[in-house]
Amino acid sequence: MVERTQVDRADVPTESMTARATGEMPSLKLSREPEKASKKSSLVRWVVLGVVIVGAAAGLLVWRYLNTYEDTDDAQVDGHINNVSARVSGYVLKVNVDDNQSVEKGAVLVEIDPRDYQVALERAKAELADAEATAQAMNLNVPVETIGTTTQVSSSEADVEAAQAGVAAAQGQLNSAQAQLQQAEANNVRAQADVARYTALLAKDEVSRQIYDRANATAKADAAAVDGARAAVAAVEQQIAQARSRVNHAQAALQYSHTGPQQVAATQARARAAIATVQEKRAALDKAQLDLDYCTVAAPVTGVVNKRVEVGMNVQPGQTLVSVVPLDDVWITANFKETQLRSMKVGQRATISVDAYGRQYQGHVESIAGATGAQFSLLPPENATGNYVKVVQRVPVKILLDPSENRDHLLRLGMSVEPKVWLR
């Protein structure tokens, strides 16, 4: 510093001499230098201030821009995977598609050997026809049984009345025969007494032989009359027994005819059972027809095929044969951090960048999951040890593409994408 001052001081006379030689005043030179330095310093201050203002404005704009959206790289294309399975067992005759082939809804994918099911269908048709014939016959028997029951009751009642009348008539004949028997027995007693008396008188020759013979013949006739009367009584008693048997038989038939309503009810029950059998056989026929139809496996939706079956395989019900991915119905599943959901709402616009194609798709937020992805995992995390470490969780957000955005069907399930949801 001392040396610089000395040099400066040594230079002053020289500058003065130079000034004198040129005719300029040294004081004017010295007064202009501070002005230039001041202007230069002021310019620097203004430039710095301008840079600070521009930087602050740029920072504010960047901050506002960064707060207008939320983005994540933890996202992928999602969609439906329609696993088409066999509904019947059988031998695979044809596979009409290849891997990654596009198919329309209703296109035949796989054909299973239908011959067993055709036989089952024909058998079901025959069993249904037999059941319908049986049911028709049973329905015809119901009115016939009803009419026959009514007629049988009336006939049985008439038979009972006729048998009871026969018993009454036979009883009257029995009374008459018994009266005749009593009269014959009385006549026989008297005739036998006459014979005994005439026998004693004949021995004394107090009566003629002719009178004795007549009395003896009368006694024999009365004895025969007694035997005839007894036979008549026995015959009438036999008739009464037969009449009573007929009464019992008629009463039994009448009692049986009174079970006619129960028989009609039983016939009606059999008719209903036959109708139920018809319904059962018709259901069996419908099932056989369905099983035959299931031998043809069709595409449930339009999409791209992933084949899992080959000709010659024996498949079982529930076995997946083909998977169809409908590319018309895909969406984005974006796993945002929970701290990014503060201003996110359903319906907000989204821009999706696809890594595979380097292009952007337009869409909107369709829904926000009801739980974090960890809660949907197979083994949700637990903190049983007490050593808790806070981890920022991610919540799945479903983003739908706008109509016709994926009309070229370039998006495939599982592709990585980077969605950006615009909050404002």
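Being under 37 Å from the mean Cα position of the chain (by Cα) and outside any loop (DSSP other than H, G, I, E, B) is the requirement here; does THR333 meet it? Here the answer is yes, as THR333 does meet what is asked.
Being over 30 Å from ASN67 (Cβ atoms) and among the β-branched types (Val, Ile, Thr) holds for only one residue in VAL325, VAL354, and it is VAL325. Being surrounded by 15 or more Cβ atoms within 10 Å (Cβ to Cβ), polar (S, T, N, Q) and at pLDDT 95 or above is a description that applies to THR333.
Based on what the data block shows, is TYR294 more than 26 Å from LYS420 (Cβ to Cβ) and of a type in the set (Phe, Trp, Tyr)? Before the answer, list the steps.
Working: more than 26 Å from LYS420 (Cβ to Cβ): yes; of a type in the set (Phe, Trp, Tyr): yes.
Considered against the rule, which asks whether it is more than 26 Å from LYS420 (Cβ to Cβ) and of a type in the set (Phe, Trp, Tyr), TYR294 comes out as yes.
Just so you know, in the stretch 363-377 the residues that are surrounded by 12 or more Cβ atoms within 10 Å (Cβ to Cβ) and polar (S, T, N, Q) include one that is farthest from ILE399 (Cα to Cα), and it is GLN375. Quick one: ASN82 ticks every box in (1) over 30 Å from GLU310 (Cα atoms); (2) touching a Pro at 6+ places or on another chain (Cβ under 6 Å) except a single one, so which number is it? Every listed condition holds for ASN82 apart from (1).
For every residue, the table says whether it meets (1) in contact with a strand residue (DSSP E or B) (Cβ under 6 Å, 6 or more places away or on another chain); (2) assigned to a helix (DSSP H, G or I); (3) modelled with pLDDT under 75.
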{"site": "ALA217", "(1), (2), (3)": "no, yes, no"}
{"site": "ALA229", "(1), (2), (3)": "no, yes, yes"}
{"site": "ARG270", "(1), (2), (3)": "no, yes, no"}
{"site": "GLU280", "(1), (2), (3)": "no, yes, no"}
{"site": "ASP286", "(1), (2), (3)": "no, yes, no"}
{"site": "ASP291", "(1), (2), (3)": "no, yes, no"}
{"site": "PRO300", "(1), (2), (3)": "yes, no, no"}
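Candidates are the residues of the stretch 348-387 that are of a type in the set (S, T, N, Q) and within 32 Å of the chain's Cα centre (by Cα); the one that is modelled with the lowest pLDDT is SER377.
Consider ALA200 carefully, then state whether it is modelled with pLDDT of 70 or more, assigned by TED's automatic domain parsing to the domain that holds ALA269 and out of contact with any Ser or Thr (no Cβ under 8 Å at 6 or more places or on another chain).
The answer is yes for ALA200.
Restricting the stretch 82-132 to residues that are among the small types (Gly, Ala, Ser) and either over 25 Å from the mean Cα position of the chain (by Cα) or exposed (fewer than 14 other Cβ atoms within 10 Å of the Cβ) (or both), which is nearest to PRO300 (Cα to Cα)? Applying the filter and picking the extreme gives GLY106.
Residue check: is VAL322 of a type in the set (A, V, I, L, M), buried (at least 17 other Cβ atoms within 10 Å of the Cβ) and either in a helix (DSSP H, G or I) or within 26 Å of the chain's Cα centre (by Cα) (or both)? Break it down stepwise before answering.
On the way: of a type in the set (A, V, I, L, M): yes; buried (at least 17 other Cβ atoms within 10 Å of the Cβ): yes; either in a helix (DSSP H, G or I) or within 26 Å of the chain's Cα centre (by Cα) (or both): yes.
Considered against the rule, which asks whether it is of a type in the set (A, V, I, L, M), buried (at least 17 other Cβ atoms within 10 Å of the Cβ) and either in a helix (DSSP H, G or I) or within 26 Å of the chain's Cα centre (by Cα) (or both), VAL322 comes out as yes.
Among residues of the stretch 394-412 being outside any strand (DSSP E or B) and surrounded by 16 or more Cβ atoms within 10 Å (Cβ to Cβ), the one that is modelled with the highest pLDDT is LEU411.
The values are calculated or read from the model by the stated rules, or taken from the named source; none is laboratory data. Small disclaimer: the values here were computed from a predicted structure and weren't measured. As a convention, Cβ positions derive from the backbone with ideal geometry for all residues, glycine included, and neighbour counts pool all protein chains shown.
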